[in-house]
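Q: What follows is a structure written as C-alpha cells; I'll ask about it next.
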Amino acid sequence: MGKLIWHEHARYVSITASLYTVWAAYFGLVYRKFFWDFVHGIRRNPGGLQPANQDAFFIDIMVKTPAIQIISLVLGLVILAFEYPAPFMKGTAAYRSLVARIVLLIFQVFFAILFYQGTNGAIWSLAAIFGYTRAIMLGEVMNEAKDNKARMERA
C-alpha cells in the first residue's frame with residue numbers, strides 16, 4: 001500500500017465540505033433558522049421552541065437579514081476556487097499555501113455553524129482543517145510548489 005498524502009485527502013474533504021456549505025447557505029436563504037436557539041430557548045405550547053430575547057442579534061443577522069448565509073455562500077465559493085482550482089488561482093502563492101486554506105476553512109466553520117443547515121458543512125470543514133494541519137506537521141508540500149522551486153533554482 002502507498003503512503004497517504006494528507007493535503008490531497010484534505011483537499012477532497014474541503015471540496016465536499018465547501019459544496020455542502022454552498023448548498024446549505026442557499027437552502028438557508030429560503031428556510032432561515034438560528035441553530036443555537038435551543039440553548040436559551042423558551043418552550044411554548046403552541047409554538048414550540050422560540051428563541052430568547054437575548055438572541056435577538058442572531059435572529060436579526062440570520063432570520064430577518066440572511067447576512068450569515070450570504071457570507072457562508074461567498075466563502076464557500078472562494079474556497080472552491082482555491083481547491084478546484086479556478087484558472088486565475090492556479091500558480092499563485094495563495095494557492096500553494098496550506099495555511100491560507102486552513103484560515104479560510106476556520107472562517108467557514110465559524111459562519112456555517114451558526115445557521116441550522118450549515119452544521120454538517122462545518123463538521124466536514126473541521127475534518128479538512130485537521131487533514132491540512134497533519135500535512136503541515138508532516139512537512140508536505142504541494143506539487144505546484146515543488147515545480148516553482150525548481151524553476152527558481154534554475155534561473
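The values are calculated or read from the model by the stated rules, or taken from the named source; none is laboratory data. As the structure is a prediction and not an experimental result, all values here were calculated from the model. Virtual Cβ from ideal backbone geometry, glycine too; neighbours counted across all protein chains shown.
Q: Anything in the stretch 1-36 that is assigned to a loop (DSSP other than H, G, I, E, B), touching a residue at least 60 places away in the same chain (Cβ under 8 Å) and under 18 Å from F130 (Cα atoms)? List them, or say none. Walk me through it before giving the result.
A: Initially, the stretch 1-36 is screened for residues assigned to a loop (DSSP other than H, G, I, E, B), giving 1-5, 31-33, 35-36.
From the residues that got through so far, the ones that are touching a residue at least 60 places away in the same chain (Cβ under 8 Å) too are 5, 31-33, 35-36.
Of everything in the stretch 1-36, just one residue is assigned to a loop (DSSP other than H, G, I, E, B), touching a residue at least 60 places away in the same chain (Cβ under 8 Å) and under 18 Å from F130 (Cα atoms), namely I5.
Q: Output yes when any residue across the stretch 73-96 is within 25 Å of I5 (Cα to Cα) and acidic (D, E), and no when none is.
A: Yes: the stretch 73-96 contains one or more residues that are within 25 Å of I5 (Cα to Cα) and acidic (D, E).
Q: Could you look through the stretch 87-120, keep only residues that are surrounded by fewer than 21 Cβ atoms within 10 Å (Cβ to Cβ), at pLDDT 90 or above and among the small types (G, A, S), and pick out the one that is farthest from Y31 (Cα to Cα)?
A: That would be S97.
Q: Among what's in the stretch 37-70 and is in a loop (DSSP other than H, G, I, E, B) and buried (at least 16 other Cβ atoms within 10 Å of the Cβ), pick the residue that is modelled with the lowest pLDDT.
A: Here the answer is P51.
Q: Right, something else. Given the structure, is T133 part of a helix (DSSP H, G or I), polar (S, T, N, Q) and modelled with pLDDT of 95 or more?
A: When the stated conditions are applied, T133 passes them.
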